[in-house]
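Visitor: Dropping the structure in here first, questions after.
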Amino acid sequence: MFYMERVKITNSTILFAVFLVVGLAVAYYASYVLLTALIGIGIGTLLSPILNKLENRFSFPRPLSAFIVFLGLLILFSGIIASLYFLLAEQVNTLTDRAPQIVERLDGFVTGLFDKYPWLREQVDQVDVGKTAQTSAKSIFTGFKLGIVAISGAIFALIIGLYTAVNSKEYYRSLLEAIPPRHKQKSSEILTKCSLVLWDWFRAQLLDMIIVGTLTGIGLWICKIEYWAVFGLLTAVVGIIPYIGIFLVVIVASLITLASDPGQVPWVLLVFGVTQQLEGNFILPMVMKDKVELPVVPLLVFMLLLGNFFGILGVFLAPPVFAILRTVYLMVYLPWINSKTSSQLDKSELKLTT
């Protein structure tokens, strides 16, 4: 005989439901504001440990520490941009000038492929290319537009990040004060764990991007691939998008090389294959040691959801947001559901004994 436990609706449950509905409404109608806030809070969370070290070691006030960090990052990024410009300017200009020729050669290659394999043309003709292209173009334009809007608000995200880092202790205490006393300790552990997870993910991802991008560029340079620096930079930047990013870079690099020097395509694929094997078997285990590891399928689904909602920047934000949500899931939901299951089993055993 089965018994259905009566669900008790408390004030906290109602309040949670209201906050959830309001949060979803804000996320839907104010996506730009939410995206800017997320980026800003993420920047503040990453900068806060650096400010803590400066404050503890040198007794610097937090505003002064924030100014020093901001100035250091400005100098660092200016140096990186200048170095990349010196390295990439010639290749980018050459690639831009040859873009029409590359497109024309690729078109000729596809036409020759269809002439050689007529059945392939029949399969392609069955697809409504116009409608598919229109839909894809609309999606790309929407994502690009959202991305440009988000980038235009980068200064506001940086301001939010600096203020978050400077006043992180006050915000942390204020947030805990709004939580019922019996949940304060657990909430403090969750917030601390989430900040550590975000920092660990960012540090590991940054190291992985730099190492893999550098190895890819060096490998392509050794193989005398013409646009080796461009492909290496693309590998480093787009590599922040797990799995999908490197796949897109390989396709772009292969097509450009196919149009420029078809005999070099196998070498391009070889270099990417070797670097990806090194990343999967050596680099990632090294940089991700004792760090957060994200399951593949849920992460890809989450990337598609945020990409559809926020555009290309949503795809970039998906991994860190997913890492935080996974931490909350492991620290809140799983213990709660396990305790419920244990209590139900105890009640069942008690009924059986009586």
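The values are calculated or read from the model by the stated rules, or taken from the named source; none is laboratory data. These numbers come from a predicted model, not from an experiment. Positions of Cβ are backbone-derived with ideal geometry, glycine not excepted, and every protein chain shown enters the neighbour counts. The accessibility values were calculated without ligands, DNA or RNA, using every heavy atom of the protein model including side chains. Shrake-Rupley method; radii C 1.70, N 1.55, O 1.52, S 1.80 Å.
Visitor: What order do you get for 64-75, 217-228, 174-185, 327-338 when each peptide is scored by the mean count of other beta carbon atoms within 10 Å, highest first?
Guide: Averaged packing, sorted descending, gives the order 217-228, 64-75, 327-338, 174-185.
Visitor: Of the listed peptides 55-62, 246-253, what is their order by residue-averaged count of other C-beta atoms within 10 Å, with the highest listed first? Can you show the working numbers first?
Guide: Details: 55-62: 11.8, 246-253: 17.1.
For the peptides 55-62, 246-253, the packing ranking is 246-253, 55-62.
Visitor: Right, something else. Once Rh is set to the Kirkwood radius over Cα pairs, what Stokes-Einstein translational diffusion coefficient, in µm²/s, holds for region 198-311 at a temperature of 37 °C and a viscosity of 0.692 mPa s?
Guide: On the way: Rh = 14.8 Å.
Once the numbers are plugged in, D ends up at 221 µm²/s.
Visitor: For E104 and Q277, compute 0.36 nm times the residue count separating them, minus their Cα-Cα distance, and round to one decimal in nm.
Guide: Result: 58.9 nm gained on full extension.
Visitor: When the accessible area of region 218-327 is computed with all protein chains present and a 1.4 Å probe, what percentage of it is carbon and sulfur?
Guide: On the way: 4240 of 5590 Å².
Accessible surface attributable to carbon and sulfur in region 218-327 totals 76 percent.
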